[in-house]
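Student: Attaching a single structure in structure tokens format; questions to follow.
Values quoted throughout were computed directly from the atomic coordinates according to the rules given, and no laboratory measurement underlies them. Quick caveat, the model's predicted, so the values are computed rather than measured. Every residue, glycine among them, receives a Cβ derived from its backbone with ideal geometry; neighbour counts consider all protein chains shown.
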Amino acid sequence: MTVLAQLAQWQSPAVDYHALAPEIVLAGAIVVLLVADLFLPERQKWATSTIAGLGLLAALVPILTLAVDGTDRSMFGGGYVVDNFSLVLKALFLLTGYVVILLSTTYVEEGDYYQGEYYFLLLSSVLGMVMMASSRDLVSIFVALELLSIPAYMLAAWRKRDVKSNEAGVKYFLLGVFASAVMLYGMSLFYGVAGTTLLTGVSDAVTESGNVPVISLAVVFIVVGFAFKVSAVPFHSWAPDTYEGAPTPVTAFLSVASKAAGFVALLTLLYVGFPTAKDVYEPMFWVLSVLTMTVGNVLALRQTNIVRMLAYSSISQGGFILMPLAVAGDPGARAESLQAVITYLIVYAATNLGAFAVVIAVARKTRSGEISSYDGLFSYAPGLATVMTIFMASLAGVPPLGGWIAKFGVFTAVLAPGTTAGAVLAVIGAVNSVIAFGYYGRVMRAMWMGDAPDGDVAPIRVPQPLTLALGLTAVATVVIGVIPQVVLRYGDLGSFTEALAP
């Protein structure tokens with residue numbers, strides 16, 4: 001396909017506005033938010049969080065109507081697709097953004113931050129993630145990635161007078177743009193081979209050419225670029241400092257939504273762009289998975305700050321999410337791998353956001369992020385101690401909480417092909433699951449068995465938005481674990497894998 005022919009397809013007047021409704025509603029909410037921030041007096045800036053939250057919930061409505069309709073929709077010559085895969089992930093991003101707004105409302109008000117700009121950047125980043133879920137073209141993937149990343153760079157450095165926050169933003173920005181450059185070079189190589197940026201055209205070119213050196217190099221560059229985005233070892237160095245230095249709600253957003261968007265792009269490229277290049281990407285994901293979960297776990301064991309511990313925990317969890325991608329090229333494991341990754345992302349989002357909600361609530365009283373500040377939490381805040389136990393146990397994969405079904409799906413996918421490499425990876429994953437319980441269990445032990453601090457042990461007052469966030473995430477974590485079909489039915493994206501079968 002020539003460049004002119006591709007441009008003609010993209011300029012086709014056949015635009016499905018129903019399919020684009022979530023993006024249109026979200027863009028409209030961003031405009032309303034900007035106008036409201038411009039005209040609202042300072043004492044009424046709190047309304048910007050309400051506008052942002054309502055905008056995200058409103059964008060869920062067309063997603064529900066599209067899901068009920070059940071028709072796959074393709075626009076711009078196949079460069080933008082709305083199907084089960086994209087709808088599930090768009091809903092995940094919107095709900096994650098809504099929970100982050102609940103975490104941010106009181107935090108931003110009490111921190112004397114610019115509220116309108118904060119929520120504008122947050123919604124802009126979510127819009128990039130929503131676009132990423134439907135992108136089936138190298139250009140649209142890159143544009144969506146930059147739209148979600150650039151606001152995140154600024155949010156990481158939102159505490160302008162805090163040296164750690166400035167450091168977090170600079171590290172995240174510098175390594176982020178470096179990763180984008182590496183990834184873009186890989187995309188340019190694919191365009192040189194295929195003569196088109198459409199992923200279906202790239203897939204045809206890869207299938208016809210085989211694993212020639214230029215294609216192998218392009219796959220390596222793209223995988224390395226996204227390995228930075230999902231903080232896979234050895235490309236993880238930015239994550240701990242960024243997570244610790246950024247405002248805590250932003251850290252929750254980066255560790256869940258930003259990481260999930262990176263995995264969504266990887267899934268799209270693997271399943272649509274170069275599914276037949278498995279001899280190149282499967283060994284890479286095998287090594288990345290082992291290094292990421294092992295290094296993340298070992299370093300998390302040494303942490304005394306809970307945010308930094310959750311940062312290394314996030315790195316380790318990313319290693320588990322990478323496991324199914326090490327066998328995604330096997331025809332017998334394609335569907336299982338996709339379902340495992342989507343299920344893990346959904347469970348991880350609920351659990352990790354809940355954990356950060358507890359961190360924010362406890363820090364309001366203790367003014368500390370040290371794990372030792374959780375000593376005896378159950379004696380004066382039993383509700384917070386209970387939900388934090390749920391989240392820590394879920395992250396460790398303890399039944400009957402959501403984390404166990406996520407890990408079960410990952411191990412099932414890895415063992416599905418019946419290969420030695422898959423079995424070895426499963427054993428390494430099992431060992432790392434045991435290691436991970438060491439630092440999750442340390443937090444639980446401090447809350448239930450530690451001695452409460454002397455003096456003021458008055459109950460912790462939890463603001464209403466934070467209470468709602470805790471309730472939503474705790475219920476989701478428990479329900480998914482007890483009734484896993486609730487999430488498995490949405491992770492079973494058969495039409496996606498059937499349409500993309502090589």
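Student: Please find the FRET efficiency linking residue 188 to residue 464, where r is the Cβ-Cβ separation and R0 is fixed at 56 Å, and quote it to the nearest 0.05.
Tutor: 0.65
Student: Please give the Cα centre distance for the stretch 239-282 versus the stretch 97-145, rounded to the nearest Å.
Tutor: What the calculation gives is 15 Å, centre to centre.
Student: For 360, 306, what ranking results if the residue with the fewest other Cβ atoms within 10 Å of its Cβ goes first?
Tutor: The most exposed by this proxy come first: 360, 306.
Student: If you don't mind, another one. About the Cα centre of the chain, what is the dipole size in debye to 20, counting +1 per Lys and Arg Cβ and -1 per Asp and Glu Cβ, all else neutral?
Tutor: Dipole size: approximately 760 debye.
Student: So what's the angle, to the nearest 10 degrees on a 0 to 90 scale, between helix 259-268 and the longest Cα principal axis of the chain?
Tutor: Value to nearest ten degrees: 20.
Student: Relative contact order for the stretch 277-502 using alpha-carbon pairs under 8 Å, separation at least 6, rounded to a whole percent?
Tutor: Values: 330 pairs, mean separation 63.8, N = 226.
About 28 percent, as a whole number.
Student: Give me the lysines in straight-line cross-link reach of residue 259: C-alpha distance below 20 Å, same-chain residues under 8 apart excluded.
Tutor: 90, 171, 229, 407
Student: Please report, in debye to the nearest 20, how large the charge dipole of the stretch 277-502 is about its Cα centre when each Lys and Arg carries +1 at its beta carbon and each Asp and Glu carries -1 there.
Tutor: Working: 12 positive and 11 negative charges, 81 e Å.
About 380 debye.
Student: Another question, if that's okay. List the equivalent ellipsoid semi-axes of the stretch 54-122 in whole Å, largest first, each obtained as the square root of 5λ for an eigenvalue λ of the Cα gyration tensor.
Tutor: On the way: eigenvalues 198, 32, 15 Å².
Over the Cα atoms of the stretch 54-122, the ellipsoid semi-axes are 31, 13, 9 Å.
Student: Next question. Hey, can you grab everything whose amide H is under 5 Å from the amide H of residue 80? Only 5+ residues off in sequence or another chain; H modelled, so Pro and N-termini drop out.
Tutor: 75, 136
Student: Above 26 Å lies some portion of the pair distances; for the stretch 76-219, what is it as a whole percent of all C-alpha pairs? Don't skip to the answer; put the middle values down first.
Tutor: On the way: 4013 of 10296 pairs.
I get 39 percent for the Cα pairs in the stretch 76-219 exceeding 26 Å.
Student: Which trypsin sites (Lys or Arg not before Pro) in the stretch 356-459 sit in a loop by DSSP (not H, G, I, E or B) and have at most 10 other Cβ atoms within 10 Å of their own Cβ?
Tutor: 367
Student: Radius of gyration and Dmax for the chain's Cα atoms, expressed in Å?
Tutor: Computed over the Cα atoms of the chain, radius of gyration and Dmax are 21.9, 74 Å.
Student: Amide H to amide H, which residues 5 or more places from residue 305 or on other chains are under 5 Å from it, using H placed in the peptide plane?
Tutor: 371
Student: For the stretch 9-87 and the stretch 299-343, what is the separation of their Cα centres, given in Å?
Tutor: When both Cα centres are located, 29 Å separates them.
Student: Per the Kirkwood treatment, what hydrodynamic radius in Å, one decimal, follows for the stretch 323-364 from the mean inverse distance over all distinct Cα pairs?
Tutor: For the stretch 323-364, inverting the mean 1/r across all distinct Cα pairs yields 11.9 Å.
Student: Could you calculate the FRET efficiency of residue 174 with residue 367 from 1/(1 + (r/R0)^6), where r is the beta carbon distance between them and R0 is 35 Å, rounded to 0.05?
Tutor: Given R0 = 35 Å and the Cβ-Cβ separation, E is 0.70.
Student: In degrees between 0 and 90, to the nearest 10, how far off the longest principal axis of the chain does helix 47-69 point, with axes built from Cα atoms?
Tutor: Between the helix axis and the principal axis of the chain, the angle is about 40 degrees.
Student: I need the calculated FRET efficiency for the pair residue 61 and residue 162, taking r as the beta carbon distance and R₀ as 30 Å, to the nearest 0.05.
Tutor: 0.20
Student: Could you tell me how many degrees, from 0 to 90 and to the nearest 10, lie between the Cα long axis of helix 334-366 and the main elongation axis, the longest principal axis, of the Cα atoms of the chain?
Tutor: With rounding to tens, the tilt is 30 degrees.
Student: Sticking with this structure for a sec: Once both labels are modelled 7 Å past Cα along the beta-carbon direction, what's the residue 207-residue 15 spacing in nm?
Tutor: Roughly 3.2 nm, to one decimal.
Student: Now a separate question. For the stretch 277-502, what value does the Rg/Rh ratio take when both radii are computed over Cα atoms and Rh is the Kirkwood radius, given to two decimals?
Tutor: 1.03
Student: Evaluate the distance, in nm, between pseudo-label points positioned 7 Å from the Cα of residue 47 and of residue 479 along their respective Cα→Cβ axes.
Tutor: 3.2 nm
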